[in-house]
Amino acid sequence: MLQFAGTSTRLWQDLDRPISGRRIPGSAPVMATGVVVGLVVDVFLVRTGFNLAYSDAQSHLTIARRLFDTASGIGIQQLGTVWLPVPHLLLAPMVLSRWMWHTGWGAALLGSMCLGVTACAVYRCVARWGGGWVARLLGVAVVVINPSMLYLCPTALTEPVLIAAMAMCLAGLSGVITRQRVSSSGAVAVFCGIPAALAALSRYEGWALCLTGAVLVAAVVWRRTRS
């Protein structure tokens, strides 16, 4: 019990510790909390069947399942509809089990992870902007208690993946803006470019993020180096 209390105290104190380079204390507990909240919502909604209320959600589950289980030829040729591929590729391992596919639990698990990633990314953004523990937790609360986010979490819709990818990219861009020195091209590619690419290949709204993010990085570099 004393060990648990000590761990809880340390985690609470991490929420207001200063940023050290790329490390932002409290990120891991916040992400874990977001995943747990998502799983709690999953238990309720999957049981009611509301997670499959939209026909699009059923279609996404079917596309992901068809990647390795179909009479017309398994493989990536099953992709290529009006929907972009990343959500289906991420969903595919989650629906290897027929039960996970049929009930939608595969999508629910993916959505919970996306909720955790989104909460963590928002937390890191607020921390980069100089917010203390109150501001950081308020930012996280906007994500984890938002009814729309909580409904999307258990569904197989593409929005949870898009929002998580965009949030990761914005967290990376916040680091580029707030760091004292110019970030290396490799760091920008990893922390901003890869999440932006995931967003662009999840939904078409991500394309706008790629453009505006590139303009933002160029403006920051020009302002600091005039080159």
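Read-outs throughout are calculated quantities, based only on the coordinates presented, and are distinct from any laboratory measurement. Predicted model, so just to flag it, every value in this text is computed and none were measured. Using ideal geometry, Cβ is built from the backbone for each residue, glycine included, and neighbour counts are taken over all protein chains shown.
Per residue, the convex hull spanned by the Cα atoms of the stretch 109-227 amounts to 94 cubic angstrom.
Using the alpha-carbon positions of the stretch 95-176, Rg (one decimal) and Dmax (whole number) come out as 14.2, 46 Å. Here, the chain is characterised by an Rg to Rh ratio of 1.02, where Rg is the alpha-carbon radius of gyration and Rh the Kirkwood radius. Our coupling estimate for the stretch 49-55, obtained by passing each phi through the Karplus curve with A = 6.51, B = -1.76, C = 1.60 and θ = phi - 60°, is x, 5, 5, 10, 5, 8, 5 Hz, Gly and Pro reported as x. Helical content alone sets the calculated 222 nm signal of the chain at -21500 deg cm²/dmol, taking -39,500 (n - 2.57) per DSSP H segment of four or more residues and averaging over every residue. For the chain, the relative contact order comes to 22 percent (Cα pairs under 8 Å, sequence separation of at least 6).
Taken one residue at a time, the phi angles of the stretch 129-136 give Karplus couplings (6.51, -1.76, 1.60, θ = phi - 60°) of 7, x, x, x, 5, 5, 5, 5 Hz. Gly and Pro are set to x. In order along the stretch 179-194, the Karplus-derived 3J(HN,Hα) couplings, from 6.51 cos²θ - 1.76 cosθ + 1.60 at θ = phi - 60°, round to 5, 5, 10, 6, 5, 5, 4, x, 5, 5, 5, 6, 8, 10, x, 5 Hz, and Gly and Pro are given as x.
Compactness ratio for the stretch 139-208: Cα radius of gyration over 2.2 N^0.38 Å (N = residue count) comes to 1.24. For the peptides 119-129, 136-146, the ranking by mean Cβ contacts within 10 Å, running from highest to lowest, is 119-129, 136-146.
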